[in-house]
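Down below is the structure, laid out as structure tokens.
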Amino acid sequence: MSAPDTREVILEARELTREFDGVKALDRFSFKLHRGEVLGLLGANGAGKTTAMNCLLGLTLPTSGELTAFGLPLQANRIKILQRSNFSSAYTALPGNLLVWQNLLVFARIYGVPNPKKKIAELLELLEIPHLQKRVTGQLSAGESTRVNLCKAFLNDPELLMLDEPTASLDPDIADKVRKVVRKVQRERSIAILYTSHNMRDIEEVCDRVIFLHKGKIVREGTPSDIVAQSSSDNLEDVFIKIARDGEILDEPKKDSAV
Amino acid sequence: MNFRIISALVMRHLFLYSRTPMRMVELVFWPLVDLVVWGNVTVFIQKNSDAKFGGFILFFLGAMILWDILFRAQQGVAISFLEDVWTRNLLNIFVAPVRTAEYLSSTFVVGFLRILITCVVMSLVSWIGYSFNIFQLQWWLVPFFLNLMVFGWALGMISTALILRWGQAAESLAWAVPFFIQPVVCVFYRVEDMPAWSQPIAWLFPATPIFEGMREVMKTGSMSWNHLWLAAGLNVIYLSLAGWLFVWVLNLTRKRGLLTKFATQ
Ligand SMILES: Nc1ncnc2c1ncn2[C@@H]1O[C@H](COP(=O)(O)OP(=O)(O)OP(=O)(O)O)[C@@H](O)[C@H]1O
Ligand SMILES: [Mg+2]
């Protein structure tokens, strides 16, 4: 298949396992993310995508396994690593009672962005939302606040970016714009991105490589087109549905056949 | 510890207070109500009793103001944390390069600023309304003020740890925790006025020597060093234990994978 990636490894998980009450949300999950690469995490609801991201952000401690970022063990170097990373997701928000520029300024200061006002103006421009600057953050629509969140995520020029369903709740037009911006910034700055989404269009457009998770285990890995080519389906969405359903059939004992 | 990060976190709260004046009202309103109600009660008692009660008003209003300092400091820490919970901002902070010590320090600063505002308002009103000049309380009281604030920070961290441990159901602890200890720390009476069996309990809290010391300073006009050292010593212990408790609970929450649930619910 494809030649081994020789770019610097930005993020690596080795045998990452996370149990919740005896159930494995992640089961010996291993992967490498290289500089300038966008890696998509796919899988049904509950497959373990968010859990993986939370472990990689140090928000949740793994039950076992090793995590490194920029070649450093994660837990011992959390602050150093977080300074070079960022995160955005549809389910977090910036404080709703502040104005957009106030929130961005606070985070710019936290990350130590030189010349924060200029940086904020640039990013607002990039995401086509300069008009939101003076708005109350809590009054923004879902799509508007997603883009403001993305501004926050780009503030520190991260080398590693984790995006958990960044396009959830966006209309197709805005989703398309967001994808293009992410891709543009990512290419310009060679950012390594870990990306989850339930939107296959997203994945095909944004991701260089994808990992399919099913019940915490990797069941497929490769470029979106490779994965489609290797399957009997003709698009990623069908592959997704197949994996989600077949996996289910294989794993569940057929106990309800008598009903 | 990075001063830039602490000031950024404090800036967030300054924006918040400047944008929502209602929060200022809360800072000023309750202390005022307390002050007026108890000020009037004290005047009433004074008028209807003999001269022995002469200094009573001084003790009482002094105690009121000092209790409020403790309460505001504790609130500064607990409410700052809750603001991040309410606005679902906690996750943004936890994925930013913010050390726990920096986060906590920012809440200490917010506590200090809250005290400053409350103090100014209360001393003005007690001066205008009851001719009680807070500065007649002597400069010797300043170290007691500071110790009280530090104890408030410790209580704030304990409240916050409890909320982190038991989730938002425990939010009311942010307001309740100081009142759990109010009966035993001798805010309005002396240790010797307490039932004998409960007196040793009183001395377990730094607030007790602070209030005892305050009364002594006001009575004698000279510094009560023993009380001050005892308060400071206990404070070091409390601050360390409370900080340790917070970090311990935070790690426990990480281990259980509940931090993100807590931060996004
Ligand atoms: N704190 C927790 N306590 C108990 N179980 C948890 C916890 N967090 C996650 N889980 C479980 O772990 C599994 C993986 O959840 P996760 O959130 O990682 O899924 P996901 O792939 O992100 O799903 P979705 O597409 O719905 O966002 C689920 O079965 C979930 O119920
Ligand atoms: Mg998820």
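The values are calculated or read from the model by the stated rules, or taken from the named source; none is laboratory data. Everything quoted here is computed from the prediction, not taken from an experiment. When we count neighbours, we look across all protein chains shown, and the Cβ atoms used for this are built from the backbone with ideal geometry, even at glycine.
Miscellaneous remarks
- Filtering region A:174-198 to residues that are crowded, with 19+ Cβ neighbours inside 10 Å and within 16 Å of ligand 1 (Cβ to nearest atom) leaves A:194, A:195, A:196, A:197.
- Criterion: surrounded by 14 or more Cβ atoms within 10 Å (Cβ to Cβ), in contact with a Phe, Trp or Tyr (Cβ under 7 Å, 6 or more places away or on another chain), in contact (Cβ under 8 Å) with a residue 40 or more places away in the chain and over 23 Å from residue B:65 (Cα atoms) - qualifying residue of B:253, B:260: B:253
Residue-wise test of (1) on the phi > 0 side of the Ramachandran plot; (2) of a type outside the set (A, V, I, L, M, F, W, C); (3) within 11 Å of ligand 1 (Cβ to nearest atom).
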site: A:11; (1), (2), (3): no, no, no
site: A:40; (1), (2), (3): no, yes, no
site: A:58; (1), (2), (3): yes, yes, no
site: A:64; (1), (2), (3): no, yes, no
site: A:77; (1), (2), (3): no, yes, no
site: A:82; (1), (2), (3): no, no, no
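- Among the conditions (1) touching a His at 6+ places or on another chain (Cβ under 8 Å); (2) over 30 Å from residue A:129 (Cβ atoms), the only one that residue A:228 does not satisfy is (1).
- Residues that are at pLDDT below 95 and either in a helix (DSSP H, G or I) or at the interface with chain B (Cβ under 7 Å from one of its Cβ atoms) (or both) within region A:81-97 comprise A:91, A:92, A:93, A:94, A:95, A:96, A:97, listed in sequence order.
- Within region A:151-210, restricting attention to residues that are in contact with a Phe, Trp or Tyr (Cβ under 7 Å, 6 or more places away or on another chain), within 14 Å of chain B (Cβ to nearest Cβ) and more than 16 Å from ligand 2 (Cβ to nearest atom), the residue that is farthest from residue A:8 (Cα to Cα) is A:152.
- Residue within region A:144-161 that is farther than 28 Å from residue A:28 by Cβ, of a type in the set (Gly, Ala, Ser) and either at pLDDT below 95 or more than 16 Å from the chain's Cα centre (by Cα) (or both) present: yes
- For residue A:219, the conditions (1) more than 16 Å from ligand 2 (Cβ to nearest atom); (2) among the aliphatic types (A, V, I, L, M); (3) within 14 Å of chain B (Cβ to nearest Cβ); (4) in contact with a strand residue (DSSP E or B) (Cβ under 6 Å, 6 or more places away or on another chain) all hold with the exception of (3).
- Unique match (being within 16 Å of ligand 2 (Cβ to nearest atom), in contact with a Leu (Cβ under 7 Å, 6 or more places away or on another chain) and among the hydroxyl-bearing types (Ser, Thr, Tyr)) among A:17, A:60, A:50: A:60
- Test set (1) surrounded by 21 or more Cβ atoms within 10 Å (Cβ to Cβ); (2) within 22 Å of the chain's Cα centre (by Cα); (3) without any contact (Cβ under 8 Å) to a residue 40 or more places away in the chain - residue A:102 fails condition number: (2)
- Close contacts from region A:35-48, counting a first residue that is aliphatic (A, V, I, L, M) and a second that is part of a strand (DSSP E or B) and within 10 Å of ligand 2 (Cβ to nearest atom), with Cβ to Cβ under 8 Å and a gap of 6+ residues or different chains, come to A:41/A:196; A:42/A:196.
- Residue within region B:193-216 that is free of Cβ contacts under 8 Å to residues at least 24 places away in the same chain and buried (at least 20 other Cβ atoms within 10 Å of the Cβ) present: yes
- Only listed residue being modelled with pLDDT of 90 or more, hydroxyl-bearing (Ser, Thr, Tyr) and over 20 Å from residue B:101 (Cα atoms), chosen from B:208, B:220: B:208
- Among the criteria (1) within 12 Å of ligand 1 (Cβ to nearest atom); (2) of a type in the set (Phe, Trp, Tyr); (3) crowded, with 19+ Cβ neighbours inside 10 Å, the one residue A:107 does not fulfil is (1).
- When A:230, A:139 are screened for being at pLDDT 90 or above and more than 16 Å from ligand 2 (Cβ to nearest atom), only A:139 passes.
- Some residue of region A:203-223 being in the same structural domain as residue A:57 (by TED's automatic domain parsing) and within 16 Å of residue A:88 (Cβ to Cβ): yes
- In summary, residue A:169 fulfils each of the numbered conditions (1) surrounded by fewer than 16 Cβ atoms within 10 Å (Cβ to Cβ); (2) more than 16 Å from ligand 1 (Cβ to nearest atom); (3) part of a loop (DSSP other than H, G, I, E, B) with the single exception of condition (2).
Yes/no matrix, rows are residues, columns are (1) part of a helix (DSSP H, G or I); (2) within 15 Å of the chain's Cα centre (by Cα):
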position	(1), (2)
A:179	yes, yes
A:183	yes, yes
A:188	yes, no
A:194	no, yes
A:210	no, yes
A:221	no, no
A:225	yes, no
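- Identity of the residue in region B:7-19, over 21 Å from residue B:71 (Cα atoms) and modelled with pLDDT under 90, that ends up nearest to the other protein chains (Cβ to nearest Cβ): B:19
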